[in-house]
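The values are calculated or read from the model by the stated rules, or taken from the named source; none is laboratory data. Note that this is a predicted model, so its numbers are computed, not measured. Please note: Cβ atoms are built from the backbone with ideal geometry, for glycine as well, and neighbour counts cover all protein chains shown. We work out accessible area using only protein heavy atoms, side chains counted, and drop any ligands, DNA or RNA first. Shrake-Rupley method; radii C 1.70, N 1.55, O 1.52, S 1.80 Å.
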Amino acid sequence: MANKAQIGFERKLEDGTKREVSVNHTGGNYRFYAREKRFDEWEFVKIPPMEDWLMLLDAVRRRVTRRKLMPDDEERLVRTIKERFPEAEV
């Protein structure tokens with residue numbers, strides 16, 4: 001089972017392939033890792049796309065609702081997304 005600082009999700013790329021994404025939150029920083037198949041190695045993503053950030057925000061909001069994370073975590077993430085992507089509607 002993942003700890004509170006780790007969130008994972010899947011998304012489809014434009015070419016139709018699936019990509020599994022794992023995000024670790026440590027020290028106020030979010031580190032994104034991705035792989036395409038289950039037994040592939042996790043690769044560090046230096047510049048995650050906005051879609052990954054928005055999916056992370058959705059996952060954090062669901063965890064806040066279930067009281068697994070604090071509302072402050074959601075607010076910090078929204079600020080981080082707005083800093084990186086000013087055009088994003090969060």
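Approximating the spin labels as points 7 Å out from Cα along Cα→Cβ, the Asn29-to-Lys68 distance works out to 2.5 nm. Cross-link pairs exceeding 24 Å in C-alpha to C-alpha distance, out of Lys12/Lys46; Lys18/Lys46; Lys37/Lys68, comprise Lys37/Lys68. Per residue, the chain exposes 75 Å² of accessible surface when a 1.4 Å probe is rolled over the protein heavy atoms with every protein chain present. A Förster radius of 22 Å combined with the Cβ-Cβ distance from Arg38 to Ala5 puts the calculated FRET efficiency at roughly 0.50. Residues in region 79-88 carry Karplus couplings, in order, of 4, 4, 5, 5, 5, 7, 10, x, 7, 6 Hz; the curve used is 6.51 cos²θ - 1.76 cosθ + 1.60 with θ = phi - 60°, and Gly or Pro positions show x. In the distance distribution for the chain, Cα-Cα pairs more than 23 Å apart total 22 percent. Of the accessible area of the chain, with the probe set at 1.4 angstrom, what percent is carbon plus sulfur? That share works out to 47 percent. Based on DSSP H segments of at least four residues, each scored -39500 (n - 2.57), the chain has a per-residue ellipticity at 222 nm of -11000 deg cm²/dmol.
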